[in-house]
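Below: the structure, in structure tokens.
The values are calculated or read from the model by the stated rules, or taken from the named source; none is laboratory data. Keep in mind that this is a model prediction, so the values were computed, not measured. Here the Cβ positions follow ideal geometry from the backbone for every residue, glycine too, while neighbour counts run over all protein chains shown. Accessible surface areas use protein heavy atoms only, side chains included; no ligands, DNA or RNA. Shrake-Rupley method; radii C 1.70, N 1.55, O 1.52, S 1.80 Å.
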Amino acid sequence: MDKIVCTCGNVNPNGTELCESCGRPLNKDVSEKKLVDMRYEGSARRSQTYNKTIIDKIWNFFSSVKVGMWIITCILVAAAIGTILPQVFYVPATREADIAAYYERVYGTFGKLYYDLGLSDLYSSWWFQTLVGMLGISLVIASLDRVIPLYKSLKKQKTKRHISFLSRQRIYGIGEVEAPNDSIDKAEAKLKTMHFKVKREGNAILAEKGRFSRWGPYINHLGLILFLLGVMLRAIPGFYVDETMWLREGETLHIPKTDGYFLESKQFTYETYSKEESSEVFGEAIDRVGAIAKNYQTDVTLFKGSEDAVAGKSEDLTFVKDASIQVNKPLKFNNFSVFQMDFRLDELKSMSFQLQDKASKESFGEFTIDLANPQSEYDFKNGYKVEILDYYADFTGFEDGVPQSKSPLPNNPAFLVKMYSPEFPKGETSFVMIKETLEPLGETKHKIAFQSVETRDVSGLTIRKDLTLPILGLGGLIFMIGVAQGSYWNHRRIWLQLLENGQVVIAAHTNKNWLSIMKDLDAVSEVAVLPPFEDQLDLDSKAEKEEGV
């Protein structure tokens, strides 16, 4: 790539707009401008210099601010689409088929299409993660494309600058003063008392303060990159877990996404406020809704399965510890936290029935159906037997003559049974519900008579593991440091030179807060006699208005 040789003899990289040594404009477009663009100090950026290889084209694509904004727009649009219907996490089903059926049943054809397109698990989808990754790449490349040339130019900036550079600064003044050397000496001393870092080369001064604020936007980018990295790591197994489990009293279940840990529910406790103890605070609310929860907790025992055990099988368990899980007081182990999030009171556990003669009410045997795991047969004496042909845990009615169950929860159990007796060795068919019995194949002599029910409480637990939190927290902290760095400080530079013709030139630049740097110059002018200066941006605006008139 060709280099650009300035009149002063300095060799500049191709694409440089202002000479890195003296500051002269190096191309016609820059020399015709009244003010120079000091955003990157006129340095050559890679994206504006190289455009031959495929690497150059990829670099140039991702270094574009417009491309970055389009990626952000796509992410925002996709995230908005993901809020139209609930995500899979909030669907009361676990099996893939049940989830698909839920979207179609609740939201119709649109819900089915929403699920088929993968929008129901949008934030974990490969294409959404790809967009997030592209944004991270854009931030990295855009930052490197700008911060490296900016750093180099600020690191080796010269004290003496050509008049064409100084005259194109927004704050500029030139004129003759009495005792110019004495004025420059006094200006140097005053600038040092104002905490400027002063460099002097003969009768030229460069005073600088707050350079670190120029890195604020790039510190922001670094924080965002770390934050996006943390978000993407959540899609990698082992870094992030957010699962739900329903644990019934007396039940021992494998904790989802853990390496062989099991949880047994000993007891669920539900306490409410009495009207006497909280009449001032909850009195009216208790009258309106009936009860307000004071505490609900699950007393559990944590077990660890053996290393060679079959996944999910509660065999050869080793006791770990007992704990009480309450709201905001989770059970913690091995980077996991188990939170008490929900509960269901008095869920049906089992139902007891008798096989009876319909006419005489004579009982031939009593049996109990475990609603979580019903047996297929219940044998009695003298050839009497009951066979469970089918079980509908949450019976909702018949559709085209076929019984339907809304969910696997025993909210409204129903059974299709066959009753065997010496009189009917081939069996009699009956459909048994809580309050009703149907005889789909004709009237039967025997019946299943309801006797009693046993209930138990169910705990809704959330299992969480998040190894990305330190990365997200660090990214957020670095981002806020960058915000403060770029918002509350500004980079100020003042150039003061004595020309060969005896005139004194003063120029100044800041990345923001121009009124402040003009106040600094006023303070220096009170001590050192300096030529008057003007804001050339205001002069340009006035000239444009006059030309328009």
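Tabulated data
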| quantity | calculated |
| --- | --- |
| Fraction of accessible area attributable to carbon and sulfur, the chain (%, probe 1.4 Å) | 54 |
| Approximate spin-label separation residue 252-residue 124, in nm, with each point projected 7 Å along Cα-to-Cβ | 2.8 |
| Extension gain, residue 61 back to residue 267 (0.36 nm per residue minus Cα-Cα distance, nm) | 68.1 nm |
| In order through region 121-130: 3J(HN,Hα) via Karplus (6.51 cos²θ - 1.76 cosθ + 1.60), integer Hz, x for Gly, Pro | 10, 5, 6, 9, 5, 5, 6, 5, 5, 5 |
| Helix 54-63 axis, angle to the chain major axis (alpha carbon atoms, nearest 10°) | 90 |
| Contour minus Cα-Cα distance for residue 239 and residue 69 (0.36 nm per residue) | 58.3 nm |
| Backbone HN-Hα couplings from phi across region 413-423 [Karplus 6.51/-1.76/1.60, Hz, Gly and Pro as x] | x, 9, 9, 9, 10, 10, 10, 9, 8, x, 6 |
| Distance-filtered residues of region 35-54 - backbone nitrogen under 18 Å, label point 7 angstrom along residue 199 Cα→Cβ | 38-44 |
| Cα centre as origin, Lys/Arg/Asp/Glu Cβ charges: the chain dipole, Debye | 3280 |
| Amide H partners (placed H, <5 Å) of residue 12, local residues excluded | 4, 5, 6 |
| Cα-projected label distance for residue 381 with residue 451, points at 7 Å along beta-carbon direction, nm | 1.4 |
| Computed accessible area, residue 512, all protein chains, 1.4 angstrom probe, square angstrom | 60 |
| Flagged links, alpha-carbon separation over 18 Å, of 385/406; 158/199; 294/321; 385/435 | 385/406; 294/321; 385/435 |
| Computed [θ] at 222 nm, deg cm²/dmol, the chain (DSSP H ≥ 4; -39,500 (n - 2.57); rounded to nearest 500) | -10500 deg cm²/dmol |
| Flagged links, alpha-carbon separation over 31 Å, of 28/152; 112/304; 66/519; 57/512; 266/381; 66/257 | 112/304; 66/519; 57/512; 266/381; 66/257 |
| Region 9-22 - phi-based ³J(HN,Hα) in whole Hz, Karplus 6.51/-1.76/1.60, Gly and Pro as x | x, 6, 9, 10, x, 4, x, 6, 9, 10, 3, 5, 9, 9 |
| Residues of region 422-481: accessible area per residue with a 1.4 Å probe, Å² | 56 |
| Of (1) 1.00; (2) 1.24; (3) 1.04, the label for Rg/Rh (Cα atoms, Kirkwood Rh) derived from the coordinates | (2) |
| Centre separation in Å (Cα based) which lies between region 83-128 and region 482-500 | 54 |
| Centroid-to-centroid separation of region 1-40 and region 208-243 [C-alpha atoms, Å] | 35 |
| Efficiency of FRET from Cβ geometry, residue 404 and residue 319, R₀ 41 Å, rounded to 0.05 | 0.45 |
| 13 Å Cα-Cα reach of residue 160 towards aspartates and glutamates, excluding residues that sit fewer than 8 places from it in its own chain | 20, 201, 500 |
| Per residue value of the accessible surface for region 97-210 (all protein chains in place, 1.4 Å probe), Å² | 50 |
| Reachable lysines from residue 33, criterion Cα separation under 20 angstrom, eight or more residues apart if same chain | 542, 545 |
| 96, 423, 208, ranked by accessible area, largest first (probe 1.4 Å) | 96, 423, 208 |
| Inter-label distance, nm, simple model (7 Å from Cα along the C-beta direction), residue 109/residue 295 | 5.5 |
| Gain on full stretching of the segment that runs from residue 462 to residue 537 - 0.36 nm per residue minus C-alpha separation | 21.0 nm |
| Pairwise centroid distance, computed over Cα atoms, of region 438-480 with region 321-399, Å | 15 |
| Amide H within-cut-off set for residue 533, under 5 Å, with H built and near neighbours excluded | none |
| Reachable aspartates and glutamates, given that their alpha-carbon falls under 19 Å from the alpha-carbon of residue 332 and they are not under 8 places away in the same chain | 242, 243, 259, 264, 299, 322, 342, 466 |
| Degrees between helix 536-548 axis and first principal axis of the chain (Cα, 0 to 90, nearest 10) | 90 |
